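Nothing in this text is a laboratory measurement; each read-out follows from the coordinates by a stated rule. These numbers were taken from a predicted model, which means no experiment stands behind them. Neighbour counts run over all protein chains shown; Cβ positions are idealised from the backbone, glycine included.
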Amino acid sequence: MRKIIIWIIVLLLLLQQVLAVGLSPAEKSLQYNPGFQNDLTYYVVNNEHKDLDVAIDVSGQLANFVKISTKTIHVTASEELHPFIVSINVPPTLSPGDNFAKIGMSEIVAQGNTGLMAKVHVTSKLTVKVPYPNGTSVETPLAVTPIPATSSEPLKLISFQKYFLQDQINEFSIDIQNTQNYTLSPVLASITIGGVGTIKSPPYSIEPNQETSIISFWDTKNVSKGRYTAFLSVSYQNIIINKTGTIYIVNATEYEQITGTPVSKINAPLAPALTAYLPYLILIIGLLIVLLINYVWFFYLRPKQQI
């Protein structure tokens, strides 16, 4: 029986390694200096040593003052750490206490033949510490920016992306606002595109009275150019907000004319091959077989001790 327990522990450790893709540093703090600008280096941690694609996002109180060097990153199997730059430009005034932004990273994997979704979403907290006047402690409620009273609808769907480039992996963004005075988590989005398929987002955490973009990815390869009906659904616990809208797949020339964004600047990730996970699956199946054999031998085939 002891051997079985040991094998179960080994299996759990190996399962942790399968998900060992992270973001470093996990947390970072800066002292407040009005109007200062700082470039910080963050790293995608590739503990699995495989080719992978990730999307970077920003949320939180300081999201409007934080820029990232790239929204999507391709990491090769030979890279254990892949750097990217996070630039913060602190406004002249901030409320006393901790003001923060969350740097998020989502690993992108294939979702059937119609789109992409995020496998895991991890965050790193970037905090700007603003001193309280006259040495007042953080717990003293002085000069704290008030949060509006709770409204009847905790989530508000602001807008969603409407134009997508043909034969490309596109970001599908939905702008959501948290109208409450507490954090909403997890918030999930699902987009069903008529005649094409369904795209699902990773879980998001939205801070009080904040607006954030929920990002999914849509591969429009082999999807015809034209107009489509999209059924959007955003949920938190038992609260669901539904919206129906029209989206368009256009060619490169039309995309640039409509959105004003050069196609050359679109840097969408390529979906990593699902076969990259095959060695881990084989290893886990092998361990399960060993556990089963060990169990059968211990309880049924082991020689009985003579009394």
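Would you please name the GluC sites (Glu not before Pro) within the range 29-84 that are DSSP coil residues with at most 13 other C-beta atoms within 10 Å of their C-beta? Here the sparse-neighbourhood loop sites are GLU80. For PHE172, nonlocal amide neighbours, meaning residues 5 or more places apart or on other chains whose placed amide H falls under 5 Å from its own, are SER216, PHE217, TRP218.
As a footprinting exposure proxy, order HIS74, HIS49 by other Cβ within 10 Å, with the fewest listed first.
HIS49, HIS74
About its Cα centre, the range 148-272 has a charge dipole of approximately 260 debye under the convention of +1 per Lys or Arg Cβ and -1 per Asp or Glu Cβ, with nothing else charged. Partners of LYS156 within straight-line reach, counting aspartates and glutamates whose Cα lies under 12 Å from its Cα and excluding those fewer than 8 residues away in the same chain: ASP175, GLU211. Across the range 190-203, computed HN-Hα scalar couplings (Karplus, 6.51 cos²θ - 1.76 cosθ + 1.60, θ = phi - 60°) run 9, 10, 9, 9, x, x, 10, x, 10, 10, 10, 9, x, x Hz from first to last residue, x flagging Gly and Pro.
Entry for the range 148-272 at q = 0.16, 0.20, 0.21 Å⁻¹: log10 I(q)/I(0) = -0.80, -1.10, -1.17, Debye formula applied to identical alpha-carbon scatterers, no solvent contribution.
Structure shown: which of LYS50/LYS221; LYS50/LYS225; LYS129/LYS162; LYS200/LYS221; LYS50/LYS71 lie over 27 Å apart, alpha-carbon to alpha-carbon?
Pairs exceeding the cut-off: LYS50/LYS225; LYS129/LYS162.
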